[in-house]
Amino acid sequence: MFGRVGLGRRRPSSRPRVLATTLELLVAALQRNSCTTTVAASSSYSSALEEEAGGGQQKGRWLTLPPFAPPVDASSVGKAIARGRRPAGDGEPTTALKWVRRCCSHLPMSLVQKLFRLRQVRRDLTKNGSNMDSHSAQQQLRRVSAKDVMMPGDVILLPVTVQNVATKKYDYSESEKEISFIHSLELYKDSAIIAVNKPPGMPVQGGVGIKYSMDALAAKSFKYDFPESPRLDIKTTRRTLQRKYLALVIGTPKHSKGLISAPLAKIVLEDGKSERITIVMGTKSTSSHHALTEYRVIRSSAHGFTWLELCPLTGRKHQLRVHCAEALGTPIVGDYKYGWYAHRKWEPMPWPESMSEDEKLPKKRPFGLDLDGGSIAEKQPYLHLHCKQMILPNISAALCQLQSSAVDHDFSKLEKINLVAPLPLHMQESWDILSCLP
């Protein structure tokens with residue numbers, strides 16, 4: 001998976017990096033990361049905010065954030081190139097909310113939003129943040145809304161009470177086996193991106209009650225000699241030039257290859273709470289989104305399964321799962337949301353005699369990951385959908401051009417990076433089972 005966050009205070013000598021994981025393929029830009037996970041905020045902190053909103057605030061009690069300096073955003077550069085546009089060298093406008101989140105990543109999102117809602121965030125109009133105890137300096141502070149766009153040199157101030165937020169810091173002391181496991185996930189690395197094959201079952205981002213997450217482990221294990229730690233960017237799935245998925249489906253499509261063109265829309269089920277995506281045809285629903293998927297049969301089995309290669313040309317939510325289940329009539333194995341009807345009479349496949357029985361035995365995995373089981377030999381198989389390949393623009397080369405003294409930049413011949421991720425264990429096991437059975 002790949003994902004993005006911004007930079008804290010940018011160092012001129014450091015180049016933004018991107019962290020990527022390739023099972024569900026997000027792309028990520030980097031930001032300074034303290035490897036802390038916020039557990040909760042103390043009730044006294046929440047009360048302090050309420051008191052300050054009511055006029056109980058002490059003048060001059062401010063926490064000053066670094067002056068805003070818009071960095072060259074690696075993920076924005078990659079997005080522009082993937083869309084055939086000319087990178088401008090600057091990323092999307094940064095709002096005050098985003099800047100506070102970048103500088104204070106340890107603060108829960110709910111508390112940051114509360115700061116803005118109670119009008120407790122200020123901009124220093126003097127742009128130097130000094131002499132905040134004087135009355136004249138207090139007159140130079142202006143309230144900031146969450147959507148206000150940051151300008152170079154802007155200085156944001158927060159109530160000093162934000163320092164009272166209770167956080168729990170997990171000090172990872174990995175064993176040699178765990179360290180080796182983390183490093184084995186790395187598929188590619190340069191000065192701009194790191195590609196990581198995220199294992200199934202590991203959360204992408206940390207949160208309350210989550211001890212191990214991809215962003216926290218990567219921030220510590222993949223920092224290398226860079227001054228900044230990498231972090232995930234959830235918004236970059238569509239910034240790739242090409243993605244190829246491998247899926248095991250129940251049944252066989254009528255045609256060995258083709259293009260699925262079917263608009264998708266979100267509907268609410270009868271219970272009023274559950275939602276699902278479905279194909280909408282012959283309607284003028286304003287909520288529908290056009291979706292395109294290329295597919296190709298890789299291998300068919302006499303036991304009623306088919307391996308498909310899927311290439312999404314658009315990036316709609318659950319696009320591949322819905323297109324397989326509703327457009328092709330072949331739901332993906334382990335997809336109980338869109339292929340529940342095909343799993344009602346599910347019967348596990350027999351274990352081939354030619355395969356070792358030891359392969360079925362559960363093994364202890366690092367970080368408590370449950371990577372065993374889930375194949376078609378199980379009563380409840382895992383989802384058999386895997387992004388096996390992703391082609392990215394060479395963001396590192398593009399950044400070098402943008403940071404050079406040249407006025408005209410030629411991105412037409414920019415090299416492409418081909419990322420290939422091996423199959424997860426449950427899908428590899430299913431592949432082996434179907435290959436062994438007659």
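The values are calculated or read from the model by the stated rules, or taken from the named source; none is laboratory data. From a predicted model like this one, the values you see are computed outputs, not experimental measurements. Note: accessible area is taken over every heavy atom of the protein model, side chains too, but ligands, DNA and RNA are not part of it. Shrake-Rupley method; radii C 1.70, N 1.55, O 1.52, S 1.80 Å.
Separation of the alpha carbons by more than 22 angstrom is noted, of Lys198/Lys266; Lys177/Lys220; Lys189/Lys223; Lys147/Lys198; Lys147/Lys211; Lys189/Lys416, for Lys198/Lys266; Lys147/Lys198; Lys147/Lys211.
Over segment 307-349, with the other protein chains present, what is the accessible area per residue in square angstrom, probe 1.4 angstrom? Write down the numbers at each step before the final one.
On the way: 1830 Å² over 43 residues.
Accessible area per residue: 43 Å².
Take Lys257: with every protein chain present and a 1.4 Å probe, its accessible area is about 140 Å².
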